[in-house]
Amino acid sequence: MRVFWDYWTDANKDFSFLLYDGDTVLDNLNLDNENYDNDIIGILVNGNLEVNNIYNFESDYGVHLVVLGDVSAKNIIVAGQDININGNLNVAEVF
């Protein structure tokens, strides 16, 4: 959460993170805001993340992503949000 401390003000104190507790395997991870409840500001993975594709279509903003372990992905195509990976990043094709 320290990554977002500078952004955490009284104006957005009611926002939440979606938590994946432990190693997580997903087919795709779409970081467009409209895919989540209005109070979700980010996704926190407490472990490693394995995913085919991480993407968002909106280039100005998106749901933030924090991974406390490693990330393995086939493709990552994003813009407009913060992404913090505390471990290694392995991308097979496009970043």
**Prompt:** Using θ = phi - 60° and the Karplus curve 6.51 cos²θ - 1.76 cosθ + 1.60, what whole-Hz ³J(HN,Hα) does each residue of segment 68-76 get, with Gly and Pro shown as x?
**Reply:** 7, x, 8, 10, 10, 9, 6, 9, 10
**Request:** Averaging sequence separations of C-alpha pairs under 8 Å and six or more residues apart, then dividing by the length of the chain, give the relative contact order as a whole percent.
**Result:** 23
**Item:** Cβ charges +1 (Lys, Arg) and -1 (Asp, Glu), total dipole of segment 14-94, debye
**Value:** 280
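Coordinate-derived values only; no laboratory data. Everything numeric in this text was worked out from a predicted model, so none of it was measured. We place every Cβ from the backbone using ideal geometry, glycine too, and count neighbours over all the protein chains shown.
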